[in-house]
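If you scroll down you'll find the structure; I have some questions about it.
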Amino acid sequence: MTPGIRPLIAGNWKMNGTGAALVELTAMTAGDFAACEALICVPATLLTRAKGALEGSAVQLGGQDCHAQASGAHTGDVSAEMLADAGASHVIVGHSERRTDHGETDAIVAAKAEAAWRAGLTAVICIGETKDEREGGETLAVLSRQIAGSVPKAAKAAGTVIAYEPVWAIGTGLTPTVGDVAEAHAHIRAELTALLGAEAGSMRILYGGSVKPSNAAELLSVAHVDGALVGGASLKAADFLGIVAGCPA
Ligand SMILES: O=C[C@H](O)COP(=O)(O)O
């Protein structure tokens, strides 16, 4: 936690969910969000129906990626403006699965963050080291490089969230030690401050990678951990709300 920052618990459904999954969203709306903000990033095919399911609730809606351009000949892509039109308030950019599966570079991620702001969306910019990079002692250097390349200098706390996701912790059940999380988040805050100045002090830094109800409270108690980006455990309302319950009161 960072004093003065309200935590954000963000779910990322990845390529999961058809209309039948909307019952989980409806169930999430009954949660107690007194201690945090909540966000669910659904597949693009579900955005409009998810907007309906979340109507009137505190749970915000996000997309999982956007193209850097507003429109044009980019078959299969979705622009930030389209996400906003469908009811999204946030979009994830630079998730490691996009960086790996689609060859997204830091420069592409930065362009997507700027596209998100152009459309009035909050950009959730993902960074994180691979297993090989960690074992090679390169974690902090990788984070520095990704921040320098993926976070535009115009980033404002109101429209930007940083998500630290060690790639080797995603979907594996493995998590870094609390000490390792604390070191990484403190380093990210320092690098953001060097890049953005005072604006960085109120920018949320989320932790992602095998967050579940049983470890949420411990992870969320670490300094500079201002919420979580949750994959698998965001697919079921009971698990997601169990993580929300881990937010310090
Ligand atoms: O975007 C979410 C992350 O990739 C974490 O996924 P996970 O919670 O399934 O490990």
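Each value in this text was obtained by applying a stated rule to the coordinates, not by laboratory testing. As the structure is a computational prediction, the values presented were derived from the model and not from experiment. Quick reminder, even Gly has a Cβ in these numbers, built from the backbone with ideal geometry, and neighbours come from all protein chains shown.
How far is it, in nm, from the label point at Ala58 to the one at Ala107 when both lie 7 Å from their Cα along the line to the Cβ?
Placing both labels 7 Å along Cα→Cβ, they lie 4.3 nm apart.
Which of Asp77, Asp239 comes first, and how do the rest follow, when ranked by fewest Cβ neighbours within 10 Å?
On the way: Asp77 15, Asp239 20.
Least to most surrounded, the residues fall as Asp77, Asp239.
Now a separate question. How long is the gain from Asp77 to Leu174 if the chain were fully straight, where each residue apart is worth 0.36 nm and the alpha carbon distance is subtracted?
On the way: separation 97, 0.36 × 97 = 34.92 nm, distance 3.21 nm.
Stretched out fully, the Asp77 to Leu174 stretch lengthens by 31.7 nm.
If you take the beta carbon distance between Ala238 and Lys156 as r and set R0 to 35 Å, what does 1/(1 + (r/R0)^6) give as a FRET efficiency, to the nearest 0.05? Walk me through the intermediate numbers first.
Working: r = 35 Å, r/R0 = 1.00.
E(calc), rounded to 0.05, equals 0.50.
Can you give me the C-alpha center-to-center distance between the stretch 187-222 and the stretch 158-185, rounded to a whole angstrom?
8 Å
I want to check the label-to-label distance for Ala249 and Arg6. Put each point 7 Å from Cα in the C-beta direction and report it in nm to one decimal.
A separation of 1.8 nm, rounded to one decimal place.
Please state the relative contact order of the chain as a whole percent: Cα pairs under 8 Å, 6+ residues apart? Could the numbers behind the result be given before it?
Numbers: 533 pairs, mean separation 56.3, N = 249.
Once divided by the residue count of the chain, the mean separation gives 23 percent.
Okay, next question. Have a look at the stretch 145-235 and give its Rg and Dmax from the Cα atoms, expressed in angstrom.
Calculated on Cα positions, Rg and Dmax stand at 13.0, 37 Å.
What number of lysine-lysine pairs in the chain show an alpha-carbon separation below 25 angstrom, given a sequence spacing of 8 or more or placement on distinct chains?
Counting lysine pairs in the chain gives 12.
Where Rh is the Kirkwood radius over the Cα pairs of the stretch 1-74, the temperature 37 °C and the viscosity 0.692 mPa s, what D in µm²/s does Stokes-Einstein return? Intermediate results must be reported in sequence, preceding the final value.
On the way: Rh = 13.6 Å.
D, rounded to a whole number, is 241 µm²/s.
Got the relative contact order for the stretch 10-75 handy, in percent, Cα pairs under 8 Å and 6 or more residues apart? List each step's numbers first, then the result.
Details: 75 pairs, mean separation 24.5, N = 66.
Relative contact order comes out at 37 percent.
If every alpha-carbon in the stretch 98-138 counts as one equal scatterer, what log10 I(q)/I(0) does Debye give at q = 0.23, 0.31, 0.32 1/Å?
Summing over Cα pairs of the stretch 98-138 leads to -0.81, -1.04, -1.06.
For the chain, what D do you get in µm² per second when you plug the Kirkwood radius from alpha-carbon pairs into Stokes-Einstein at 10 °C and 1.306 mPa s? Intermediate values should be presented prior to the final figure.
Values: Rh = 17.7 Å.
Calculated translational D: 89 µm²/s.
Can you give the FRET efficiency for Ala20 and Ala186, using 1/(1 + (r/R0)^6), R0 = 51 Å, r = Cβ-Cβ distance, to the nearest 0.05? Could you put the intermediate results ahead of the total?
On the way: r = 42 Å, r/R0 = 0.82.
Result of the calculation: an efficiency of 0.75.
Under 12 Å from the 7 Å Cα→Cβ point of Arg145, by amide nitrogen: which residues of the stretch 82-111?
Residues passing the 12 Å test: 106.
Quick one: compute a quarter of the convex hull surface over the Cα atoms of the stretch 68-172 and quote it in nm². Walk me through the intermediate numbers first.
Working: hull surface 28.4 nm².
Mean projected area for the stretch 68-172: 7.1 nm², to one decimal.
Sticking with this structure for a sec: If only Cα atoms are counted, what is the Rg of the stretch 183-249, and what is its Dmax, in Å?
Reported Rg and Dmax, both Å: 13.1, 39.
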